[in-house]
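The values are calculated or read from the model by the stated rules, or taken from the named source; none is laboratory data. Keep in mind it's a predicted model, so treat the numbers as computed, not measured. Here the Cβ positions follow ideal geometry from the backbone for every residue, glycine too, while neighbour counts run over all protein chains shown.
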Amino acid sequence: MFVEIHQLKESGFKKSQISRRLNLDRKTITKYWDMGPDQFADTIKQASTRPRKLDKYESVVRKWLEDHPDITAAQIEDWLKEHFHDKSIKERTVRSYVVHLREKYNIPKNTNSRQYQALEDPPMGHQMQLDFGEKKVMGADHKKKKLYALGSVLSNSRYKYAEWSDRPLTTNSLIAMLLKCFNFYGGIPREIVIDQDKLMVVSENFGEIIYTHQFEQFRKKMGFQIYLCRASDPESKGRVEAVVKYVKYGFAANRTFTDLDSWNQLCINWLDRTANRKIHGTTKKVPAEVFSLEKQYLSPVPSLWKLPTDSVTRNVRKDNTIIYESNRYSVPINTYAPGLEVKIHEQDGKLIISALDSGKLIAEHPLSKGKGELVQNRNHLRDYKDKVDKLYHNVLVSLNYIPELAHFLDIIRKEKGRYIRDQYKLILKLHKTHSQDILLQAFTFCRENELYSAVSLKQVADYLADSQQTVAVSQSFRANTLPEHLRITANVRDIEAYASLVQGGEV
């Protein structure tokens, strides 16, 4: 720079011309205009040894950089304000000083860049963007702990909100966080931009969005609309993508977690002290100052909304189970649907699972006292309902001449649930191998003696068929011209004898 200034000066350029040509401030040109090479060398030497404004924090900042090489200058600025309450600290000064210390002590920083597309700001009070993130932090016990964050930003003012949970979010906990978010803003925007998150959305449904039951109730009560974008779509929600990253690395990174309440309070303090007080890099405005105008355009928060507390819900998992007290309980196959929630409660030592809307019973299981167990009803293992219904219908059609057949089949279905298909198939097979008269007699006998079983029906039908065949053969022999001593007639036992055996009598 010094050499270029003097080369242009010798070529006859004026100060203003050099300033425009080199894109330098006129004061800088004036400073070096009459300076000789020796004087310039002394100036550079003095500059390198001149104390910096933040040198009193050098040991602290150096330790932060060495302990956390990925730390940003913005986070260091916030930490200096948090720990030393020095209001004279400026963003540009910190940024320059961090670069100086990284070069001085060879502490490189690795960063991953991500590109976003610029979008025009929506009107005040119109839009809020919402997203989630996860971050592993160091606990007071020196163990890593995963935390789950909700981040939001009002698109016009860039006013931010964040809240953390030490457990994976559920629909209920998400609704509770949104209520706190609306109270923090003092109102509700007209539109919220979200991902296709299963806590809120079941299906995009070609624009006719299907929401989870509880979130739909909440959305209608609060009166906001949803703009649904694709997951991790910076073009649609780039503002909140940047906010979540800012919350994770500007606040949470390298901070020690003690308990959730203290952590969230520190986060609120950080929002007020730094995130919402610094001049925004794009708008060049302070979010807190713009928000003082934007909040007037937000809708009031309804005061009558209460979170549902009278029931416990669970999401149905893809393997058609729900989780309760660290155990898995089965539901019938094909119950699962994306975002489907069911209601559960304990009753008489059993876990009752029912539909959230209608309350219809889905399944019930004995409560497990263990952990990590799979409690499963074998009838839930395969999809047999349609096949059983078809078999039931086929039996009724094939044997429609038999009175009270439906009652007989219903009892079999209830008592022989595991083998119901085998039972119905056996009855259909009897229809093909025995006459209508035989089956009618066998059915009547089984019904009168309460033998509700296809096997019993077969045994009686086989006996009746054999008896008729024996009588026919005997009569045929008697009609032949055999010698008297060869004409043998078989004894046929009356069916009442079998009835006596069934009832505990003797033949």
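The figures follow:
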item	result
All positions within the range 131-161 that are of a type in the set (A, V, I, L, M), surrounded by 22 or more Cβ atoms within 10 Å (Cβ to Cβ) and over 19 Å from the mean Cα position of the chain (by Cα)	V153, L154
Restricting the range 337-369 to residues that are of a type in the set (K, R) and either modelled with pLDDT under 85 or part of a strand (DSSP E or B) (or both), the residue that is farthest from T170 (Cα to Cα)	K350
Close pairs from the range 409-427: first farther than 19 Å from V397 by Cβ, partner among the β-branched types (V, I, T) and outside any helix (DSSP H, G or I), Cβ under 8 Å, at least 6 apart	none
Matching residues in the range 342-353 - criterion: being in contact with a His (Cβ under 6 Å, 6 or more places away or on another chain) and surrounded by fewer than 19 Cβ atoms within 10 Å (Cβ to Cβ)	I352
Any helices (runs of 4 or more DSSP H) falling wholly within the range 16-117 and containing at least 3 residues that are at pLDDT 90 or above	58-67, 73-84, 91-104
Output for the range 89-110, where each listed residue is under 18 Å from A275 (Cα atoms) and without any contact (Cβ under 8 Å) to a residue 12 or more places away in the chain	K90, R92
Residue within the range 322-336 that is assigned by TED's automatic domain parsing to the domain that holds K429, out of contact with any Gly (no Cβ under 7 Å at 6 or more places or on another chain), surrounded by fewer than 17 Cβ atoms within 10 Å (Cβ to Cβ) and not in a helix (DSSP H, G or I) present	no
Hits in the range 269-298 - residues which are among the hydrophobic types (A, V, I, L, M, F, W, C) and surrounded by 15 or more Cβ atoms within 10 Å (Cβ to Cβ)	W270, L271, A275, V286, A288, V290, F291, L298
The range 294-331 - residue that is among the charged types (D, E, K, R), in contact with a Ser or Thr (Cβ under 8 Å, 6 or more places away or on another chain) and at pLDDT 90 or above and, of those, farthest from M222 (Cα to Cα)	R328
Residue match in the range 332-341 (condition: touching a residue at least 60 places away in the same chain (Cβ under 8 Å) and of a type in the set (S, T, N, Q))	no
Extreme residue, nearest to the chain's Cα centre (by Cα), among residues of the range 162-197 that are among the charged types (D, E, K, R) and in a loop (DSSP other than H, G, I, E, B)	D197
The range 1-29, residues that are surrounded by 12 or more Cβ atoms within 10 Å (Cβ to Cβ) and hydroxyl-bearing (S, T, Y)	S19, T28
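Residue-wise test of (1) of a type in the set (S, T, N, Q); (2) farther than 19 Å from L356 by Cβ.
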{"site": "D141", "(1), (2)": "no, yes"}
{"site": "Y148", "(1), (2)": "no, yes"}
{"site": "L174", "(1), (2)": "no, no"}
{"site": "M177", "(1), (2)": "no, yes"}
{"site": "I192", "(1), (2)": "no, yes"}
{"site": "D195", "(1), (2)": "no, yes"}
{"site": "T212", "(1), (2)": "yes, no"}
{"site": "F215", "(1), (2)": "no, no"}
